[in-house]
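Report on one structure; see the data block that follows.
The values are calculated or read from the model by the stated rules, or taken from the named source; none is laboratory data. This is a predicted model, so every value here is computed, not measured. For neighbour counting, all protein chains shown are included, and Cβ atoms are generated from backbone atoms with ideal geometry for every residue, glycine included.
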Amino acid sequence: MGKAFYLYRQYLSLALMAASVLLVRPLTADPVVNRWCEGLAFALVLAGGAIRSWAMGYHVWRRKKGPEGERSLVTAGPYARVRNPLYLGTLLISAGIALMSGSWVIILIYVLVFWSGYYATILWEEQRLARQFTEAYGEYFRQVPRLVPSFSKWLHPEGSFSFPAMLRCMEPVKTLGFVALLVLMMLRKGGFGA
């Protein structure tokens, strides 16, 4: 299931976004609770985008030079705190969009499909990485948590952040797109003053 979800995750994300926009509504009848939920949705999207941007800045040294394009294990930056910062960021962004939808159906689908799908994908990728990087990955696996960042210990691996690498992946632009989507959803609910 992990490989299948990995291959089709963008389509599922697009379907969730489209459904979120189409089904958008206030989450409750209480306008104060709705404003708090909308604020939390923006915070989740911005936090997820920041994590993804930070992680992509370390992908500059992910592939070794040469004709074979052999991969190296990325353990610097956010990867020193959590093994899957890109998925963590994606899950936060998706949670923000689902919350902004105000639809309990969308929120339930998000929880069931996205969390289980990403969990299966992570397990599948861990098996691949364990085969490819053997002892190095085993040590990394034991020290760094899967999806909830550790703030109690910090690895000091080699690697440095590359702003151009982050921009090549367009993570800041994608984050702005998700923020624009949230604004559109708020407008569909009746605007910012509703």
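Among the helices (runs of 4 or more DSSP H) confined to the range 1-111, the ones with at least 3 residues that are touching a Pro at 6+ places or on another chain (Cβ under 9 Å) are located at 31-56, 85-101.
Would you confirm, using the coordinates I've provided, whether S103 is under 19 Å from the mean Cα position of the chain (by Cα) and touching a residue at least 60 places away in the same chain (Cβ under 8 Å)?
Answer is no for this residue.
When the range 73-94 is filtered for residues that are over 18 Å from Y110 (Cα atoms) and of a type in the set (S, T, Y), the ones remaining, listed by number, are T75, Y79. Out of F163, F114, one residue alone is loosely packed, with under 14 Cβ neighbours inside 10 Å and closer than 22 Å to M56 by Cα. It is F163.
Take G190 and decide whether it is out of contact with any Cys (no Cβ under 8 Å at 6 or more places or on another chain), among the small types (G, A, S) and modelled with pLDDT of 90 or more. Spelling it out, it is not the case that G190 is out of contact with any Cys (no Cβ under 8 Å at 6 or more places or on another chain), among the small types (G, A, S) and modelled with pLDDT of 90 or more.
Just so you know, in the range 137-157 the residues that are more than 18 Å from Y58 (Cα to Cα) and hydrophobic (A, V, I, L, M, F, W, C) include one that is modelled with the highest pLDDT, and it is F141. Residues in the range 125-148 that are outside any loop (DSSP other than H, G, I, E, B) and surrounded by 16 or more Cβ atoms within 10 Å (Cβ to Cβ): E125, E126, L129, F133, Y137, Y140.
Scanning the range 148-169 turns up no residue that is touching a helix residue (DSSP H, G or I) at 6+ places or on another chain (Cβ under 9 Å) and within 26 Å of R35 (Cβ to Cβ). Checking S53 against (1) polar (S, T, N, Q); (2) within 30 Å of R168 (Cβ to Cβ); (3) surrounded by fewer than 19 Cβ atoms within 10 Å (Cβ to Cβ), only one condition comes out false. Which one? Looking at each condition in turn, S53 falls short on (3). Tell me, yes or no, whether the range 168-185 has at least one residue that is surrounded by 13 or more Cβ atoms within 10 Å (Cβ to Cβ) and part of a loop (DSSP other than H, G, I, E, B). Yes, the range 168-185 contains at least one residue that is surrounded by 13 or more Cβ atoms within 10 Å (Cβ to Cβ) and part of a loop (DSSP other than H, G, I, E, B). Residues in the range 120-138 that are of a type in the set (D, E, K, R) and closer than 14 Å to N84 by Cβ: E125, E126, R128.
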